[in-house]
Amino acid sequence: MVQADYSYLLRQKSSALAGYQRRMVSELQRRGATLADVQGVELDVMGKVVEATFDAVLTIKSDGRIVKANTAAERTFGHSIEQLSGLSVLKILPHYNDFTNKEHIHCAVGQGHRETIGNTYDGKQFPVDIVIDIARIGADSIHVLVARDITELREQQKQLEHQALHDALTGLPNRVLLANRIEHALALAERNKNVVALMLLDLDRFKEVNDTLGHHVGDLLLQDLALRLKDAIRASDTVARLGGDEFAILLPMVEDEKQAHEMASRVMDVFATPFQLSEDLQLEVGCSIGIAMYPTHGDDAAKIMQCADVAMYAAKSGTIKIMHYDSTKDTNSLRQLTLSGELRQSIQDKLLTMEFQPQLDLSQQVICSVEGLARWRHPRLGYVSPDEFIKNAEQAGIIRELTQWTFVRALEQLTEWQNQNLNLSLAINLSAKLLQDNQVADQLKEMLSGYAIRPQLLTLEITESALMADPEAAREALKKLANLGIKLSIDDFGTGYSSLSYLQKLPLDELKIDKSFVFGLLDSHNDGVIVRSTIDLAHNLGLTVVAEGVESLEHIETLAHLECDIAQGFCISPSLTPDLLNQWILSSNRTVARIAA
Ligand code: C2E
Ligand code: CA
Ligand code: CA
């Protein structure tokens, strides 16, 4: 009968031992041993098995008192075998009855492992895995309990879970955990009708840090930054590392977009102090931040992430380092899909037009040139800004067609002015995306040959940031264009961090100071210094200087005083249709240089 106590354990424990037991029993029987002998030997073997096992094995009477316990039980629960004997099982397993009371006994006992809490002698609690079976002894029954301390297992599981949800380098939550937290935040926000903000951060020029100083330094920087970011946020916010130099900050509860912006500014401040990466290595690092809001920009985690990403991309490619999501700048939004679908047709239908903004020669006080700017009046959406549709055309792959149209329009217009005896030169913008397109120079060359226009009347404006994207390739592309005899101008100067030594190597004719500096010319000492030094720099390089964004007479006077060559801006005139430009020239006091008869 007692043998039945342990047969269950044998089943559970080791089929190898069970096989050994069977073999031994048949061997003893073969040698003529009695049943009592066999049972005695079996009991002995089983006693040894129970003693040898790593798990605690206990027998418990129906009144809950422990009868016997093995050495592992002593280890597991910290009570000696003597202390365990006669002790209520509830002392070591306070929830034991949950598994054996009448309600649960059928589902708990003999039904596999259960996890519960164990108590040690000195009152420590630990997770324990138990298996219970019942052995009948006459009318009475006895519980056999096998218990295993799973503290280590749980610890390992926790570590694995942590690893799966956190970034190894910084210890911050990773993309998976962030997504989960966003889901939670959105669910709560929906119920409580509050606003959630998500910021994505990307370090500026982190690749350079890695490439020039090594990955070790890059890693130190990221770790240091992780600590700073954690300090900058509230306990209820989450900062996560998404990979590389990309971080995210979730603000599960903000008042509005303005407050999110303030938080972003605080995060920006984190970068104000240089990073001290070793005794003699201090690094200044900047970052770009994109912000998306729930519910304004989307109502699920994926959409909010996508919007923050679009905003971050905008911040990265512009001069404003904190950008809020703007659906009009998102090529994935419905409006953008509509635009890219209809732009091509609009070119064919001549809904795209070119307007011309006069440029004033400051020393001669004559209109010497104009900038051609594309205009699109959409039949349903109304006026669409070129910033929007050009970016759209770039992303939708129709920028070539648009550029082709620009070239044709420019050459037609120059021909017309030539026919009117007007000595106007014309500047047009070349998309950054097309600078390295070999076909552009060839196309333009072919077109120029079809018009009786002196190539030097045409200027191509190329943004400084386009030149800096791949300086060497840009230099080659510019050479090819310069060979056509046209002029080349560097647009939005001051926003692209080009160096003097680099500019010297380029076949440039003109430099346009970005309007943001011109706007600040009168009020900001810094901007004043930048404008002044840019003019000097350009002159030293033999370049003509144009200031754009000239909005007041004071600007004109100051620029003339600084010996800037040309001014362009609303104070002189906004862009005009060809007809209006003609009228403006006739009615204004400004004269236009005329081709000498
Ligand atoms: P951009 O080349 O920097 O052109 C100057 C922009 O500044 C124009 O905006 C012009 O209207 C604006 N502007 C001129 N004077 C003032 C001023 O005094 N104050 C202010 N606040 N703004 C002034 P627009 O026409 O909206 O063009 C925006 C951008 O779109 C252009 O910037 C250019 O990069 C691009 N773009 C326009 N037309 C074309 C085109 O035909 N092809 C390409 N690739 N890009 C174009
Ligand atoms: Ca321009
Ligand atoms: Ca510009």
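The values are calculated or read from the model by the stated rules, or taken from the named source; none is laboratory data. Computed from a prediction, not measured in an experiment: that's the story for all the values here. Glycine gets a Cβ as well: all are built from the backbone with ideal geometry, and neighbour counts include every protein chain shown. These accessible areas exclude ligands, DNA and RNA; they are computed on the full protein's heavy atoms, side chains included. Shrake-Rupley method; radii C 1.70, N 1.55, O 1.52, S 1.80 Å.
At-a-glance table
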{"quantity": "Gain on full stretching of the segment that runs from Asn582 to Asn483 - 0.36 nm per residue minus C-alpha separation", "calculated": "32.5 nm"}
{"quantity": "Cβ-defined net charge surrounding Asp149, 13 Å radius [Lys, Arg +1; Asp, Glu -1]", "calculated": "-2"}
{"quantity": "Lys, Arg +1 and Asp, Glu -1 on Cβ, resulting dipole of the stretch 402-547 about Cα centre, debye, nearest 20", "calculated": "300"}
{"quantity": "Whole-Å distance, taken between Cα centres, linking the stretch 114-146 and the stretch 196-275", "calculated": "51"}
{"quantity": "Charge sum, other residues only, whose C-beta stays under 14 Å from Asp63's C-beta, Lys/Arg counted +1 and Asp/Glu -1", "calculated": "+2"}
{"quantity": "The chain, Rg to Rh (Cα coordinates; Rh as Kirkwood inverse mean 1/r)", "calculated": "1.28"}
{"quantity": "Selection from Gln29, Tyr502, Val550 lying farthest towards where the dipole of the chain points positive, charges on Cβ", "calculated": "Gln29"}
{"quantity": "Surface share of carbon and sulfur [accessible, 1.4 angstrom probe, percent] for the chain", "calculated": "52"}
{"quantity": "3J(HN,Hα) from dihedral phi, the stretch 72-88, Karplus parametrisation 6.51/-1.76/1.60, rounded to Hz, x for glycine, proline", "calculated": "5, 5, 4, 5, 5, 9, x, 9, 6, 4, 5, 5, 5, 4, x, 6, 5"}
{"quantity": "Förster-model FRET efficiency, 41 Å R0, Gln456 and Asp219, C-beta, rounded to 0.05", "calculated": "0.20"}
{"quantity": "Mean-position separation - Cα centroids, the stretch 489-567 and the stretch 417-436, in angstrom", "calculated": "20"}
{"quantity": "Residue list for the stretch 472-504, given a label point 7 angstrom along the Cα-to-Cβ vector of Leu537 and an amide N cut-off under 12 Å", "calculated": "493-504"}
{"quantity": "Förster radius 56 Å - calculated FRET efficiency between Ala302 and Arg23, Cβ distance, rounded to 0.05", "calculated": "0.35"}
{"quantity": "For the stretch 38-65 and the stretch 309-357, distance of Cα centres in Å", "calculated": "78"}
{"quantity": "Overall Cα dimensions of the stretch 332-459, principal axis frame, Å, largest first", "calculated": "48, 31, 25"}
{"quantity": "Shape metrics for the stretch 150-227, restricted to C-alpha atoms - Rg then Dmax, Å", "calculated": "17.1, 49"}
{"quantity": "Net charge dipole size for the chain [Lys, Arg +1 and Asp, Glu -1 on Cβ; Debye, nearest 20]", "calculated": "2020"}
